Each structure stands twice: as C-alpha cells, then as structure tokens.
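Please read the structure below before turning to the comments.
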Amino acid sequence: MNHANQTPRHVPVLLARADEILGPALVSGGVLVDATLGLGGHAEHFLRTYPAIRLIGLDRDTEALRLAGERLRPFEDRITLVHTRYDSLAEALGTAGLPATASVRAVLMDLGVSSMQLDESERGFAYSIDAPLDMRMDPTAELTAADVLNTYSHGDLARVLKTYGEERFAGRIASEVVRRRQQRPFSTSAQLVELLYDAIPAATRRTGGHPAKRTFQALRVEVNRELESLEAALPAALDALEVGGRIVVMSYQSLEDKVVKQVLAQRSASRTPVGLPVELPGMGPEFKILTRGAEKASASEIEDNPRAAPVRMRAAERIEEAG
Ligand SMILES: C[S@@+](CC[C@H](N)C(=O)[O-])C[C@H]1O[C@@H](n2cnc3c(N)ncnc32)[C@H](O)[C@@H]1O
C-alpha cells in the first residue's frame with residue numbers, strides 16, 4: 001500500500017461552501033457527525049475552525065478510520081470514531097452516548113469512494129490498473145466484485161449494470177460474463193476490461209467515455225449496497241438534527257443525488273393535509289432547503305482537483321421539531 005504523499009493527493013471537496021453552510025450551526029459548539037470520515041480532510045477543518053465542537057466520525061473502511069485517527073490525533077479528546085455503515089448512524093450516536101433524535105448540530109455526508117480507495121490499486125476500484133476484482137469499501141465485508149460476476153444470474157447481472165451503471169449494453173455484457181466465466185472465473189479487472197472492449201461496439205465508445213466506466217460504477221454500487229445504505233441513512237441523519245441544525249450532502253453520481261433530492265424535498269414539504277386553507281400548528285415543514293438545485297464545484301476547483309468535477313451538493317436546515 002502506498003501511503004506516502006498522503007496530504008497532497010487528498011483535497012476536501014467544496015470545503016469553503018460546506019463551511020459556509022454548516023458554520024452557523026457550529027459556532028457555539030455542539031456535535032458534528034461526519035458520516036463519511038474518509039481521510040478526515042473535512043473533519044480536520046471543522047475541528048480546527050470550531051474549537052467548541054465535538055465530532056463523531058463514521059466510516060465503513062477500517063483503513064480510512066486508522067489514517068483519519070492519526071490525522072485527528074491533536075483533537076483526540078473531542079472525537080469519537082466509529083467503524084460502521086452510515087445507515088447505522090442512530091446506533092453510532094448511541095455508542096457516543098447520544099440520543100438518536102435531536103442531538104446533533106450538523107451532519108456532513110461526502111459520499112462515494114475516497115481518493116485513498118481509488119489510489120490503492122490493489123482494492124480494484126480503478127479500471128485503468130489491473131488488480132483483483134474486489135471493490136469492497138469495507139475490507140471485512142463478504143461480497144466482492146468477482147463474486148458478483150461469478151455467481152449472479154444473467155438477469156441479476158443485467159439489472160445491476162442497467163440500474164446502477166445506466167449501461168445501454170447491459171444485456172449483452174451480462175451474456176458475455178456468463179459465457180466467459182464458464183471457461184475461467186473472473187478474478188482480475190483486466191479480464192473484465194477486455195470483455196467490455198469486446199462487448200461494447202467501437203462506434204459508441206467515442207461518445208460514451210471509457211467502456212469500463214459504467215460497469216465498474218455499477219459493480220461498486222452493488223458490492224457496497226451504496227443506494228440502500230444512503231436511503232436508510234438520510235432519514236436517520238435528518239432525525240438526528242436539533243432545530244437549527246444543518247446537513248450537507250455531496251453526491252458523485254446521479255442516482256445518489258436523486259435519492260438526496262427526493263428525501264430533502266419530502267422532509268421540507270408541509271405536513272398539513274392537502275386542501276386545508278391554513279397550515280395546522282406543528283404541521284409545517286420540518287426542514288428548509290438551503291441550496292438552489294444541486295450546487296457544483298467551480299471551474300477553478302475542478303482544475304485543482306479533478307475529482308470534484310461530478311460533485312452535486314444539497315443542504316437543509318431543521319426548522320421544526322418532528323411532529
Ligand atoms: C469521498 S470519501 C470522504 C472524504 C472526506 N470527506 C475527507 O475529507 O477526507 C467517502 C468515504 O465514505 C466512506 N463510505 C462510503 N459509503 C459509506 C457507508 N455506507 N457507510 C460509511 N462510510 C461510507 C468511504 O469508505 C470513504 O472513506
């Protein structure tokens with residue numbers, strides 16, 4: 001594993017904007033939950049800038065937690081780090097001695113893969129380097145990308161590729177996977193990349209980007225149950241916020257952003273039954289949306305940090321107690 005050069009390769013995405021939004025909720029202290037601690041880039045900034053806050057940092061990746069723990073050692077009396085999926089946020093609050101509702105001032109979710117996970121070629125996230133077909137964010141989890149390719153039925157493979165990768169040639173790729181695995185089970189990313197070059201017509205490659213991009217994304221989402229985890233985590237994160245508390249969510253693919261958009265829209269709509277002329281007391285919206293649409297990184301941030309290119313940020317503030 002190459003951990004040299006750790007600081008320069010990791011730049012927290014939309015840091016200034018996340019601070020602008022979460023800062024007002026944190027100036028007088030309280031708890032910040034960083035549900036995707038990663039290498040602790042955002043966390044370090046908030047701990048340094050707001051000396052009265054306490055941070056609860058979650059990550060499913062044990063190696064990320066270890067490295068973030070080292071980085072955040074100067075703040076060790078103000079942090080609790082928990083190895084968990086973010087859908088267990090309520091339980092993690094319990095571990096830190098807090099109730100699951102109305103107990104935190106801010107939540108940050110910077111979704112997706114970390115730069116470390118992408119850089120560590122042996123974890124198999126990058127299609128550009130030949131590596132074992134692993135893609136587990138949590139190295140202690142069971143299912144790997146190779147397991148998906150070697151054991152899923154044709155129908156399930158095609159569904160995963162189409163739903164999570166938005167891959168036009170999902171059926172054709174699934175057929176080729178099933179045919180080739182009978183001769184030799186899949187174990188390396190090069191085997192899969194070769195198949196994708198053969199299965200995706202050359203003419204569409206000119207417009208569709210690298211032929212492996214969508215299939216690798218789909219496998220990663222499936223292996224890590226990314227969308228199910230997010231769908232379960234967002235309501236728990238919103239429930240955890242006190243009135244005046246704020247949440248920032250950064251997504252890196254449209255399926256995630258769609259989930260975030262829907263959940264925030266639903267929780268910021270009035271709870272008064274449709275047709276009543278006035279808002280019933282205690283039935284107004286629980287949240288106010290703080291971003292107009294999904295905010296993107298600026299051209300100059302993308303130039304400095306190309307991994308910021310796909311980011312879509314949404315944020316909200318709790319304005320009412322839960323009904
Ligand atoms: C983009 S990185 C976060 C980077 C971090 N904000 C920083 O500044 O260093 C995303 C992190 O979220 C973690 N992650 C992804 N899905 C998760 C889940 N369902 N539960 C917990 N952690 C998750 C990944 O392991 C990864 O370390």
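The values are calculated or read from the model by the stated rules, or taken from the named source; none is laboratory data. Everything quoted here is computed from the prediction, not taken from an experiment. Here Cβ is always computed from backbone atoms with ideal geometry, including for glycine, and neighbour counts include all displayed protein chains. Heads up: the accessible areas ignore ligands, DNA and RNA and are worked out on the full protein's heavy atoms, side chains in. Shrake-Rupley method; radii C 1.70, N 1.55, O 1.52, S 1.80 Å.
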If one compares the long axis through the Cα atoms of helix 154-165 with the longest principal axis of the Cα atoms of the chain, the angle in degrees, nearest 10, works out at 50 degrees
Rank these residues by their accessible area, most exposed first, probe 1.4 Å: Asp61, Asp198.
Asp198, Asp61
With every protein chain in place, the accessible area of Arg318 for a 1.4 Å probe, in Å² rounded to the nearest 10, comes to 10 Å²
Can you work out the Karplus-derived ³J(HN,Hα) for every residue in the range 226-237? Use 6.51 cos²θ - 1.76 cosθ + 1.60 with θ = phi - 60°, whole Hz, and x for glycine or proline.
5, 6, 4, 5, 5, 4, 7, 6, 4, x, 5, 5
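So how do His10, His42 rank on accessible area, 1.4 Å probe, biggest first, that is with the largest at the start?
His10, His42
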Largest fluctuation, Gly155, Gly29, Gly57 only, Gaussian network model of the chain with Cα springs under 10 angstrom, belongs to Gly155
To the nearest 10 degrees, the tilt of helix 254-267 (Cα long axis) against the first principal axis of the alpha carbons of the chain is 20 degrees
Under a 10 Å cutoff between Cα atoms, tell me which one of Glu20, Glu242, Glu166 has the largest fluctuation in the Gaussian network model of the chain.
Glu20
Reachable aspartates and glutamates from Lys258, criterion Cα separation under 18 angstrom, eight or more residues apart if same chain
Asp87, Asp110, Glu166, Glu167, Glu222, Glu226, Glu228, Glu231, Glu295
Would you mind telling me which residue in Thr272, Thr84, Thr215 has the biggest mean-square fluctuation in a Gaussian network model of the chain, where springs connect alpha carbons within a distance under 10 angstrom?
Thr272
Extension gain from Ser121 to Thr101, taking 0.36 nm per residue of separation minus the Cα-Cα distance:
3.3 nm
Theoretical FRET efficiency, 1/(1+(r/R0)^6), r = Cβ-Cβ of Glu20 and Ala309, R0 25 Å, to 0.05:
0.75
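Scan the range 50-149 for GluC sites (Glu not before Pro) in coil per DSSP, keeping those whose Cβ has at most 12 other Cβ atoms within 10 Å, and list them by number. It would help to have the intermediate numbers written out before the result.
Values: sites: Glu63, Glu70, Glu76, Glu91, Glu120, Glu122, Glu142; in loops: Glu120, Glu142.
Hits after loop and neighbour filter: Glu142.
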Cβ-Cβ FRET estimate between Arg66 and Leu276, R0 fixed at 51 Å, reported to 0.05:
0.40
When the distances between all Cα atoms of the chain are binned every 10 Å from zero, what whole-number percent does each bin get?
6, 25, 31, 22, 12, 4, 0
For the range 55-131, average projected area of the Cα convex hull in nm²
5.8 nm²
In degrees rounded to 10, the 0-90 angle between helix 213-223 Cα long axis and the longest Cα principal axis of the chain is 60 degrees
At 222 nm, what value in deg cm²/dmol follows for the chain if DSSP H runs of at least 4 each add -39500 (n - 2.57) and the sum is divided by all its residues, to the nearest 500?
-13000 deg cm²/dmol
Could you pull the accessible area for Thr80 with a 1.4 Å probe, rounded to 10 Å²?
40 Å²
